[in-house]
Amino acid sequence: MIKIFLVEDEVFALRTLHRKILDLQEDYEIVGTATDGTEALPKILAAKPAIVMTDIRMSDMDGLTLIQKMKEQKVSALPVIISGYQEFEYAKQAMRLGVEDYLLKPVELSELKECLQNCRQKLEDRYSRKNIYSFLIGDESFSLEQITSNDNFTLVYLIASNPLNNLETFMHPGTGYLPGTRIQKLFTENFPETAVFCFDGIFSNEKVILLNTSPGPRTEPALKKITALLEDHFSCPVTLYYTGSRAKSLTYDIQSARRGCVKNAVFGISGCSCTLSASSPSEDLTGTIELLSLLIHQEDYELIRSNLLRLFQRWQEARRTVNSCQSDLIFILNSLRQSFSVKKTADLDSRFFIENIMCFSSTPEELAGNFSQLLAELASAPRGSEESAPGGEEFVRRIEEYCQKNLSRTITLQLLANEMNVSKVYLCRIFKKYKNISPIDYFNRLKIERACELLRRFSSLPLQEISDTLGFNDVYYFSKVFKKITGISPSGYRKKETPDQTENPLQE
């Protein structure tokens, strides 16, 4: 419910306004009243309303002074003036103070309804985005207190494609950044009776959705329908994990829900659940490893691919989780090291390569093709190949040049592989060997270096413009990446580098 505080020195007018708001039969809650500004200010600070509706002419402290005091106290509630006087000077002062609306007495019900609807729209956008921003960059606890008094939520954690676990990685190599517009629309359509909040998860392929209601009988059927629609939209498996939550435990519950979502993610298959799946049984891979080793020595990579395909199809039929598949693939790769060139395996980061391969493999066919290609490259590339100096260095230099020239674009791993005329597997492996980072994470670091330069040189340039210039197209996502890489928010960095500047963190 939207919290409203009323300030009016005429008792009859106060009661009338109170009744009219209730007559609208919307989810508005009157959290307090006062008869002048002096009485109102401490009550407003305690009640934390989203909207303050106040008369102008009152004894002791008038409405405009109250609004000024609220600004000084950093009260973020939307102020609405209600007055019996249509005076230009009052209106001018009200505009200067950022008053949301100016209603004349007696207030018509239709005007009151329109005013509060406009306030609601602004609040839901402002507060959900502000809290999303704050939560993502870690500057404050997540809170929706000012726009809802309902303490019960359905928390949904969403992961598209396979989950990431390597904290050094930020950008998912398969999906890139997951836009929230379509997700928010689907949830709003399927849960029309409740407020829906959608924001970024830990990695770029994750989203957190909050429904301002407790889980009920129709929650899971609706979420399963959404899961199928999202799988079709993003062309990859989608995993949803949902649970009930309370406002005070949201931060902990989000972390817990992500763990549940990661554990439940099944290779190549979408799913939705509120309970943890049973652990996938491991299988004896001795025979598989011996066969692969023999086929590698025979350089029969087509037979390797077909045997891997049968293995991965069995895994999918058994609904093996992504984590268990990944662990077995790491074991297979490490067990086959003796079949590879020592020079090429000395710096082989098995966990990194397997996680990357799984992230751009949504089917057994894709995984078999990508994994067999990795085995072929590791086993058969001669020492004088293009990956060894200076050929490999030249290849990496071309990638760096391309990234430097395209900082304003959104580049995916597939696009970069196409530009370099190589496979995604080869691209990731060689770039990781020379730069110890994935190509897309490297690209994002270049963008943030450029952002730091812009923040230092142009102290009044809005963050939204910097975000757009660097191809992020979302200031909140830009802020998240910036904080992840630099350890400080963009506004914090700007204040540190240009201490004489004071600004709104979002610069909107």
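The values are calculated or read from the model by the stated rules, or taken from the named source; none is laboratory data. All values reported here derive from a predicted model rather than from experimental measurement. Counting neighbours? That spans all protein chains shown, and the Cβs are built from the backbone with ideal geometry, glycine included.
Descriptive notes on the structure:
- Selection of first residues in segment 456-470 that are in contact (Cβ under 8 Å) with a residue 40 or more places away in the chain and of second residues that are of a type in the set (Val, Ile, Thr), restricted to Cβ pairs under 8 Å at least 6 apart or on distinct chains, gives the following pairs, ordered by first then second residue: 456/498; 459/498; 463/475; 464/475.
- Residue under evaluation residue 74, criteria (1) at pLDDT below 65; (2) under 30 Å from residue 255 (Cβ atoms); (3) out of contact with any helix residue (DSSP H, G or I) (no Cβ under 7 Å at 6 or more places or on another chain), criterion not met: (1)
- Candidate set: segment 148-202, residues that are assigned to a loop (DSSP other than H, G, I, E, B) and β-branched (Val, Ile, Thr); chosen: the one modelled with the lowest pLDDT: 148
- Under the condition of being among the basic types (Lys, Arg) and in a helix (DSSP H, G or I), the residues counted in segment 224-246 number 2.
- Boolean, residue 234 is farther than 21 Å from residue 375 by Cα, under 24 Å from the mean Cα position of the chain (by Cα), surrounded by 17 or more Cβ atoms within 10 Å (Cβ to Cβ) and touching a residue at least 60 places away in the same chain (Cβ under 8 Å): yes
- Yes/no for residue 433 being modelled with pLDDT under 90 and crowded, with 16+ Cβ neighbours inside 10 Å: yes
- The lone exception for residue 228 - which of (1) within 15 Å of residue 161 (Cα to Cα); (2) of a type outside the set (S, T, N, Q); (3) touching a strand residue (DSSP E or B) at 6+ places or on another chain (Cβ under 7 Å) it fails: (3)
- Matching residues in segment 1-54 - criterion: being within 23 Å of residue 196 (Cα to Cα) and polar (S, T, N, Q): 25
- Segment 310-347, subset surrounded by fewer than 17 Cβ atoms within 10 Å (Cβ to Cβ) and aliphatic (A, V, I, L, M), residue modelled with the lowest pLDDT: 342
- The lone exception for residue 250 - which of (1) within 23 Å of residue 359 (Cβ to Cβ); (2) in contact with a Phe, Trp or Tyr (Cβ under 6 Å, 6 or more places away or on another chain) it fails: (1)
- Note on segment 461-482: among residues that are at pLDDT 85 or above and surrounded by fewer than 21 Cβ atoms within 10 Å (Cβ to Cβ), the one that is nearest to residue 178 (Cα to Cα) is 471.
- For residue 259, the criteria (1) buried (at least 19 other Cβ atoms within 10 Å of the Cβ); (2) free of Cβ contacts under 8 Å to residues at least 40 places away in the same chain hold in every case but one, which is (1).
- Extreme residue, nearest to residue 316 (Cα to Cα), among residues of segment 264-295 that are more than 33 Å from the chain's Cα centre (by Cα) and β-branched (Val, Ile, Thr): 288
- Residue match in segment 197-218 (condition: under 30 Å from residue 317 (Cα atoms) and more than 15 Å from the chain's Cα centre (by Cα)): yes
- Selection status of residue 396, among the β-branched types (Val, Ile, Thr), over 16 Å from residue 174 (Cα atoms) and modelled with pLDDT under 95: yes
- Only one entry of 439, 490 meets the criterion of being without any contact (Cβ under 8 Å) to a residue 60 or more places away in the chain and within 18 Å of residue 357 (Cα to Cα), and that entry is 439.
- Exactly one residue out of 354, 411 is within 30 Å of residue 239 (Cβ to Cβ) and modelled with pLDDT of 90 or more, and it is 354.
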